[in-house]
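Each remark here refers to the structure printed beneath this line.
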Amino acid sequence: MGVVVVSGGTNGMGRALALGRAERGDRVLVLGRNRERGEALAGDSVAFLPVDLSSVAQTRQAVEHILAEYPVVDALALFANAVAPRRIVTAEGLERTFALYYLSRHLLSFGLRPALDRATAPVIVNVAGVGVTKGAVRWADPQLASGYSAVGAQLQAGRANDLLGVGFARRSGSRARYVLYHPGFTRSGDRSALPAVVRGLLAVASVAARPVADAVAPIHRFLDAPPAAPLTAVDRKKQLPLSFPTLDPRDAERLLDLTEKLIPGDKPEQ
C-alpha cells in the first residue's frame, strides 16, 4: 500500500488510474478543478483536492497541502491538460495551456520531492507526447502572444514536458525515477470546449483509438516496479533512447531557466 497523487484525475485516463490504484490498495489523492467529478470519486481510499492547476498560486498551495498531509508520496502521476481553441491568459498573466499542461507539472514534480524521497521506490509518470517531433518551445514567445493555435500550444507544452523529465533527472537530486509516457491516441479526455466540428472528427477517429484501460496499463507497471534509470521515455510500447532529439539536455537547462523567469521563486535544486 502506498500514496499516489494524480493530477487531472477527475476524468479520462487520470480517473481510470486513480480508481485502479485504489482497487490495488493504495491511498489516492486526486487533484482537479471539477468539484462535482472529484467529489464523486472520493471514498475510503480516494481523496479529492479541488485546485485549478493552471494557477501557479493554487498549485503551490496544493503542494504545501500535500507535504503537510502526506509525509510520504510513493508516486506522482501527471495528466492535467485541456485543449483551448482560443488563447486564454490566466489571472497571473500566463498562457493557459502552458500553465496547465507544463507549469503545473513542473511545480508538482519539484515541489513534492521531499515526500517522494521518503518513499522506498518513488516514481513520477508524466503522461504527455514524448516521441512526437513536431512543434517546439517558442523560446522568444512561450506565451504564444502571436500566431496562437490550439495544436501549436499543445505541441509546445508537450515538448516542455519532455524537457521537464530531462531537467528533473539532471537537476533535482531526487531519488524519484521519472517516466515520460506517450499513450498514443486514447478514448479519453473532456472535449466539451472544442468546436462541434472538431468533436465530430475526434468521435470518428476514436473508433481506432486505444481503450483507456489499455493506455493506463503500462502506468500501473511503472508504479508497481519503477525503472532503474533516473529517466525513462516510452512512446506507446517503444522505449526511446535518451539521445532522442527532443530530450536535449541543453534545451532542458534552457527551459529550467525560462521557467524560473516565468514563475519567480521556483528554482530547482542544483
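Details
- Förster radius 51 Å - calculated FRET efficiency between Arg221 and Ala91 (Cβ-Cβ, nearest 0.05): 0.85
- The range 3-262 - share of DSSP beta bridges that are antiparallel (%, nearest 5): 10 percent
- Pair-distance distribution P(r) for the chain, from all Cα-Cα distances in 5 Å bins starting at 0: 1, 6, 14, 18, 22, 19, 13, 6, 2, 0 percent.
- The largest-to-smallest principal axis extents of the Cα set in the range 106-160 are 45, 22, 16 Å.
- Placing unit charges on the Cβ atoms only, positive for Lys and Arg and negative for Asp and Glu, gives the chain a dipole magnitude near 620 debye about its Cα centre.
- Site pair Thr120 and Ala40 shows an inter-label distance of 3.6 nm when each label is modelled 7 Å from Cα along Cα→Cβ.
- Ranking of Arg138, Arg250, Arg15, Arg236 by neighbouring Cβ atoms within 10 Å, starting from the fewest: Arg250, Arg236, Arg138, Arg15.
- The HN-Hα couplings worked out from phi for the range 260-266 by the Karplus form 6.51 cos²θ - 1.76 cosθ + 1.60 (θ = phi - 60°) are 5, 6, 6, 10, x, x, 10 Hz, whole numbers, x standing for Gly and Pro.
- Evaluated at q = 0.14, 0.18, 0.22 Å⁻¹: base-10 log I(q)/I(0), Debye formula over Cα of the range 1-140: -0.63, -1.02, -1.43
Just so you know, all these numbers are worked out from the coordinates, no wet-lab data involved. For clarity, every value in this text was computed on a predicted model and none was experimentally measured. Note that each Cβ is placed from the backbone with ideal geometry, even for glycine, and that neighbours are counted across all protein chains shown.
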